[in-house]
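**Student:** Just dropping this structure here.
The values are calculated or read from the model by the stated rules, or taken from the named source; none is laboratory data. Note that this is a predicted model, so its numbers are computed, not measured. Note that we place each Cβ from the backbone using ideal geometry, even for glycine, and neighbour counts take in every protein chain shown. With ligands, DNA and RNA removed, areas are computed over all heavy atoms of the protein, side chains included. Shrake-Rupley method; radii C 1.70, N 1.55, O 1.52, S 1.80 Å.
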Amino acid sequence: MKPINLALAIAGVAAVGSANATTITYNDFSDLSAFQQNGSTAAIADPTTDNLGRNVLRLTNNLGQSGSAFLKNAIDLANQASFSTYFSFRISNPLGASDGDGQGADGIVFVVQTVSNTAGGGGGGIGYLGITKSVGVEFDTWNNGSGSNDPDGNHIGIDLGGAFNGPTASIATRMNNGADWFAWVDYNGATKDIEVRLSQTNTRPTAATLTRNADLVAALGQTNAFIGFTSGTGAAGGYHDIVSWQFEDDFRPIDPNNNVPEPGVLSLLGIGAVGLMASRRRRTN
Ligand SMILES: [Ca+2]
Ligand SMILES: [Ca+2]
């Protein structure tokens, strides 16, 4: 079902105290005013409508690019940097060179970082390389070889410190196949487990696709973080789009097919905060 372009963002900015919760929801990216866009992402006209008529967050759209979009306001993550997020992405219009599984590169990285709200290295860096004090979940579509910790040209990985250093999982179906993909990332600060789920439907998989145990408080150096996405292209490229996004500032795993947990208290700050664009949620399917 095609999303209806009404509900743009529901945002709460947490005040001091554990009773407050922040939920950020984008079912549509027609208003990007809450984002700092960098590199190629900043050069792409907003709003960007994909060929399905949806307003998407387009990170890259050509060869030789590096771009990113991070929320301008840092978010204070609760319970030892815990968070949950769910987003859908689409990689279409593959350009340039091919690797073993076909044309298109380099992918998308979901990033939680504290250094700044800028972009990292392009190409095989996927806009993530060099963003220290970060955790990145890569959706990597180009085989840069073992030097970049790439097992193949179509895998996911969980990385720390702006380097490709974590466990990876190969994905059988090409992620740059022009279809919508659905991803979940959950970090539980109590167990220190990062779990990533990836699916071609919006049904949350029971089992994680990839896990890594890591101390994010140590990796980040603080629990106040910029949240966003990066992408890079090189001799191969394509359109790298975020189609929808939900982010929770604590470990609250998201099941888009059940009632999404409402934050206990939604504290809305009008000035300098993420804009309140709608008063009710819409499902993304
Ligand atoms: Ca790669
Ligand atoms: Ca590939």
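**Student:** When you scan segment 96-213 for strands (runs of 3 or more DSSP E) that lie fully inside it, which ones turn up with 2 or more residues that are crowded, with 16+ Cβ neighbours inside 10 Å and not acidic (Asp, Glu)?
**Tutor:** Per the criteria, 107-113, 134-140, 155-160, 180-188, 193-199, 210-213.
**Student:** I'd like the full set of residues that are over 23 Å from residue 106 (Cβ atoms), assigned to a strand (DSSP E or B) and over 14 Å from the mean Cα position of the chain (by Cα), limited to segment 20-63.
**Tutor:** Answer for segment 20-63, where residues must be over 23 Å from residue 106 (Cβ atoms), assigned to a strand (DSSP E or B) and over 14 Å from the mean Cα position of the chain (by Cα): 23, 49, 55.
**Student:** Within the set of pairs 6+ apart or on separate chains, which have a first residue in segment 206-233 that is over 23 Å from residue 21 (Cα atoms), a second that is of a type in the set (Ser, Thr, Tyr) and open to solvent by less than 10 Å² (accessible area, probe 1.4 Å), and C-beta atoms under 7 Å apart?
**Tutor:** 230/68; 230/128; 231/60; 232/60; 233/60
**Student:** Does segment 63-85 hold any residues that are open to solvent by less than 10 Å² (accessible area, probe 1.4 Å), hydrophobic (A, V, I, L, M, F, W, C) and within 20 Å of residue 129 (Cα to Cα), and which are they?
**Tutor:** Residues satisfying the conditions are 69, 70, 71.
**Student:** Looking only at residues that are modelled with pLDDT of 95 or more and within 11 Å of ligand 1 (Cβ to nearest atom) in segment 98-124, which one is nearest to residue 157 (Cα to Cα)?
**Tutor:** 109
**Student:** Quick check on segment 65-82. Is at least one of its residues in contact (Cβ under 8 Å) with a residue 12 or more places away in the chain, closer than 20 Å to residue 27 by Cβ, of a type in the set (Ser, Thr, Tyr) and part of a strand (DSSP E or B)?
**Tutor:** No - not one qualifying residue is present in segment 65-82.
**Student:** Check residue 230 against each of (1) buried (at least 20 other Cβ atoms within 10 Å of the Cβ); (2) more than 16 Å from ligand 1 (Cβ to nearest atom) and name the one condition it does not meet.
**Tutor:** Failing condition for residue 230: (2).
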